[in-house]
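Structure first, commentary second.
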Amino acid sequence: TDSRHGRQDTEGVQGSLCNRIDPTKEGLSQEQINFIRQVELQQWQKKTQKLRTRNVVTGLAIGALVMGIYGYTFFSVSQERIMDEIDEEAKRARLQGPKTGAN
């Protein structure tokens, strides 16, 4: 066994599964090449689906963050306007108020 990965060495074993081959150097039949392409396509589709799901979740999270910042900005600006209006009213009240010795 391979002590690092806890699996058996397959060197020298005839007919072992999952041996890596180079399709350009090996003499493969058309049927074998088609099978390899089919398996690769299935693996690609599986990875693509996972990536698509991850991308959608990431997009929704970024969109929610942007909308939160946008909403907070509108809220802050409206609060600022209200405070400006209150300050203006206070100024007018002070200017129009009765003149006494304390003013």
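Each reported figure results from applying straightforward, stated rules to the coordinates on display, with no laboratory input. Just so we're clear, the structure is a prediction, and the values are computed from it rather than from any experiment. Positions of Cβ are backbone-derived with ideal geometry, glycine not excepted, and every protein chain shown enters the neighbour counts.
Quick notes
- Efficiency of FRET between L28 and Y70 - r from beta-carbon atoms, R0 35 angstrom, step 0.05: 0.05
- Straightening the chain between R94 and L41 buys 11.2 nm, computed as 0.36 nm per residue apart minus the Cα-Cα spacing.
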